[in-house]
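Below: one structure, written as structure tokens.
Bear in mind these aren't lab numbers, they're just calculated from the coordinates by the rules spelled out. This one's a predicted model, so the numbers in the text were calculated from it and none came from an experiment. Here the Cβ positions follow ideal geometry from the backbone for every residue, glycine too, while neighbour counts run over all protein chains shown.
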Amino acid sequence: MPGQHHFGTLIRSLRRDRREPLRVIAAALGIDSTLLCKLERGERLPTEAQISGFARVFQRDETELRGLVIADKMLSEYRDVNAAVYAAQFIREEIEPYVCGQKGLRK
């Protein structure tokens with residue numbers, strides 16, 4: 001994926017903050033360190049099960065992580081498409097009734 005990898009960047013930062021090598025986090029997730037490296041570099045996107053694992057291992061909100069993955073998917077496929085801007089605006093308008101406060105969605 002060209003460009004910035006929001007999910008991978010966050011995961012790498014969290015792992016480095018803990019001063020954990022790839023192999024330790026990969027083992028905690030039940031994946032190999034090669035896959036973890038690809039996820040951190042944005043060469044691969046995680047599965048739903050892997051997102052849940054990252055949320056558990058790093059004690060992060062699963063919805064936040066899933067949102068980063070969705071953003072990465074959209075940006076990788078539609079970054080240079082003008083229609084993507086329209087789509088993003090449309091989605092924002094559609095979810096506006098559910099947004100509460102400054103951040104987050106109502107459950």
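Worth pointing out:
- Consider segment 43-80 and keep the residues that are surrounded by 17 or more Cβ atoms within 10 Å (Cβ to Cβ), over 11 Å from the mean Cα position of the chain (by Cα) and aliphatic (A, V, I, L, M). The one that is farthest from Ile25 (Cα to Cα) is Leu75.
- Taken together, the residues in segment 13-31 that are touching a helix residue (DSSP H, G or I) at 6+ places or on another chain (Cβ under 6 Å) and more than 13 Å from Leu65 (Cα to Cα) amount to 7.
- Per-region count, segment 1-42, residues of a type in the set (Gly, Ala, Ser) and touching a His at 6+ places or on another chain (Cβ under 9 Å): 1
- Of all residues in segment 25-34, one or more are more than 28 Å from Ile91 (Cβ to Cβ), among the hydroxyl-bearing types (Ser, Thr, Tyr) and either part of a helix (DSSP H, G or I) or in contact (Cβ under 8 Å) with a residue 24 or more places away in the chain (or both).
- Residues in segment 71-98 that are of a type outside the set (D, E, K, R) and either under 26 Å from Glu20 (Cβ atoms) or in contact (Cβ under 8 Å) with a residue 60 or more places away in the chain (or both): Ala71, Leu75, Ser76.
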